[in-house]
Amino acid sequence: MARQHLPLRAVAARVIHAVSEGQSLSDALPPALAQVSDDERSQLQAFCFGTCRWYHRLQGELQTRLHKPLRKGDRIVVPLLLVALFQLRHSGQADYAVVNETVEACRSLGKPHLAGLVNAILRAAQREGEPEPASEAAALSHPEWMVEKLRHNWPDHWRAALEANNVQGPMTLRVNRRQGSRDDYLGQLADAGIGAHPTRFATYGIQLDKPCGVDRLPGFEDGQVSVQDEAAQLCTQLLDLSPGQRVLDACAAPGGKTCAMLEATDGLEMVALDQADHRLQRVRENLDRLGLNAQLAAADAANLDGWWDGQPFDRILLDVPCSGSGVIRRHPDIKLLRREQDIAGLAQVQLNLLERLWSTLKPGGRLVYATCSVFPQENHRIIQRFMKAHEEAALTLPDDLAWGLDTGAGRQLFPETGSHDGFFYACLTRIDPTDNQASTS
Ligand SMILES: C[S@@+](CC[C@H](N)C(=O)[O-])C[C@H]1O[C@@H](n2cnc3c(N)ncnc32)[C@H](O)[C@@H]1O
């Protein structure tokens, strides 16, 4: 039997509904993409990402237009209208097509009795233009709590960071230095007609002028490059790696930083953990494509009994689970999914991971703590709390860094339009008591 064919906008409405109920786009979108034709896939993706990105602003508008709440069973029409408003306000599609096709989608969703309402709302939206947003949070299209938290934490940076969240991030590559130089690869891109330039801070980074499928990138399958944001690439240079070191990547999946470390330095003994078994598969695929090796284990890094053989590490990368508030432009569903109360819980998990893993670091060894968050609660405040309880820890981030803001306990990067994501890095060295004696004697 042929599968019932739902119009694109109806499929998009179902995805947005699922996200508003707590599912991530990365879970809700793939099955939806499988339901539409090849030609429609990139459009569906654009509708879903765009509607999440502008969700809070679009909702503000819809509230002014929808005078009575819909009955529970009819609520799928709300995301359908949000998708349509996104198209009217941001997609450059012809208004009449948006209205007609949304009315059609309303019928396909089994709501023919609401087709007239949908038509009236969208015609009014088209005729009247976008109303003035009712609040700053609506204008910036973020949840109120996020705007307030950032404004409070970063009086000089909050607005630019929120504005950057509303612009799609660039596609950035990391050149595999084992296979060639950045200049060589820039040449290959130019030959392939792909516009690109070197990143400002990451020495092997290349930013593309326009995103493209990885199948268009020369040598991608052979491991010449990987897709990785510039901020994430900065991690490797902070670790000060050298051959023969035993290295732990405690929260490794999908393996972007594991691979970057292995590309940068020969002969590392790399242990890569992740709690999510299915995500470790991605690490394996990335290692295979790049021809690299690591010992992989599915484990809760904080439960040392479950995975540690007692041999300490020279270097640890602790890229903790976090709110993702620095990468909202790549994951706009975070605006709908994250709750203010999540942050304290995340901070507890982060500090606990740091406490546990610290005991696996060799004296004289270095730990890099990283998040893709812009909330101090997950970043420098974790490091400050840790430092209070650990006299044997020293903050050792180089002070000649050209990027980020010095917080006194790590470096904060904010998402920048046309440049890197938001990230945080701190570098902790475990003081070697024997070294101390040597230096004071
Ligand atoms: C920020 S992501 C890591 C990104 C990765 N380092 C990269 O560069 O590709 C955080 C990861 O931590 C994992 N994770 C969360 N809690 C963990 C725990 N207690 N032990 C190990 N891994 C954990 C998650 O499954 C997730 O894959």
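The values are calculated or read from the model by the stated rules, or taken from the named source; none is laboratory data. Keep in mind the model is a prediction, meaning the values are calculated, not measured. Because the Cβ atoms are built from the backbone with ideal geometry, glycine has one as well, and the counts that use them run over all protein chains shown. Accessible surface is based on the protein model in full, side chains and every heavy atom, while ligands, DNA and RNA are left aside. Shrake-Rupley method; radii C 1.70, N 1.55, O 1.52, S 1.80 Å.
Leaving ligands and nucleic acids out of the surface, order 148, 40, 221 by accessible area at 1.4 Å, largest first.
Sorted by accessible area, descending: 221, 148, 40.
Please give the contour-minus-distance gain from residue 159 to residue 192: 0.36 nm per residue of separation, less the Cα-Cα distance, rounded to one decimal in nm.
8.1 nm
Rounded, prolate or oblate: which fits the stretch 218-351 when a ≥ b ≥ c are the square roots of the eigenvalues of the alpha-carbon gyration tensor, with rounded for a/c under 1.5 and prolate only if a/b beats b/c?
The shape class here is oblate.
Answer with one residue from 106, 96, 85: the one whose Cα lies farthest towards the positive end of the charge dipole of the stretch 8-139, charges on Cβ with Lys, Arg +1 and Asp, Glu -1.
In the stretch 8-139, that residue is 106.
With springs connecting C-alpha atoms under 10 Å apart, model the chain as a Gaussian network and identify which of 94, 299, 250 has the largest mean-square fluctuation.
94
Taking the full set of protein chains and a 1.4 angstrom probe, give the accessible area of residue 181 in square angstrom, rounded to the nearest 10.
50
Tell me, Kirkwood radius of the chain from alpha-carbon pair distances, in Å?
Value: 23.7 Å, from the Cα pair sum.
If you place +1 on the Cβ of every Lys and Arg, -1 on the Cβ of every Asp and Glu, and leave all else neutral, what size is the dipole of the stretch 323-392 about its Cα centre, to the nearest 20 Debye?
Around 200 debye, computed over the stretch 323-392.
Looking at 17, 150, 325, which one has the Cα that reaches farthest to the positive end of the dipole of the chain (charges on Cβ: Lys, Arg +1; Asp, Glu -1)?
17
Could you give the C-alpha radius of gyration of the stretch 8-139 expressed as a fraction of 2.2 N^0.38 Å, taking N as the number of residues it contains?
0.98
Mean residue ellipticity at 222 nm from the helices of the chain, using -39,500 (n - 2.57) per DSSP H segment of n ≥ 4 over the full residue count, to the nearest 500 deg cm²/dmol?
-13000 deg cm²/dmol
Tell me the per residue accessible area of the stretch 363-441 using a 1.4 Å probe; a whole number in Å² is fine.
On the way: 3430 Å² over 79 residues.
The answer is 43 Å² per residue.
In straight Cα distance, which aspartates and glutamates are under 18 Å from residue 335, not counting same-chain residues fewer than 8 positions off?
Of all the aspartates and glutamates, those that pass the test against residue 335 - Cα under 18 Å, at least 8 places apart if same chain - are 21, 27, 61, 136, 144, 148, 163, 378, 416, 421.
Under 10 Å from the Cβ of residue 301, count the other residues' Cβ atoms, weight Lys and Arg +1, Asp and Glu -1, and hand me the total.
With Lys, Arg at +1 and Asp, Glu at -1, the net is -2.
With +1 on the Cβ of every Lys and Arg and -1 on the Cβ of every Asp and Glu, and nothing else charged, how large is the dipole of the stretch 234-440 about its Cα centre, in debye rounded to the nearest 20? Display every interim value, and only then the final one.
Details: 20 positive and 28 negative charges, 105 e Å.
The dipole of the stretch 234-440 has a size of about 500 debye.
Residue 111: which lysines have alpha carbons under 23 Å from its alpha carbon, excluding same-chain residues fewer than 8 sequence positions away?
Straight-distance partners of residue 111: 68, 72.
For residue 127, what charge total do you get from the other residues with a beta carbon under 12 Å from its beta carbon, if Lys and Arg give +1 and Asp and Glu give -1?
Here the charged neighbours net out to -1.
Could you give the size of the charge dipole of the chain about its Cα centre, using +1 on the Cβ of each K and R and -1 on the Cβ of each D and E, expressed in debye and rounded to the nearest 20?
1540
Return P(r) of the stretch 63-134 (all Cα-Cα pairs; 10 Å bins starting at 0; whole %; ordered from short to long distances).
So the P(r) values, bin by bin, are 20, 58, 22, 1.
Can you list the lysines whose alpha carbon is less than 28 Å from that of residue 388, not counting same-chain residues fewer than 8 positions off?
Cα-Cα hits under 28 Å: 149, 362.
Under 15 Å from the Cβ of residue 414, count the other residues' Cβ atoms, weight Lys and Arg +1, Asp and Glu -1, and hand me the total.
That works out to -1.
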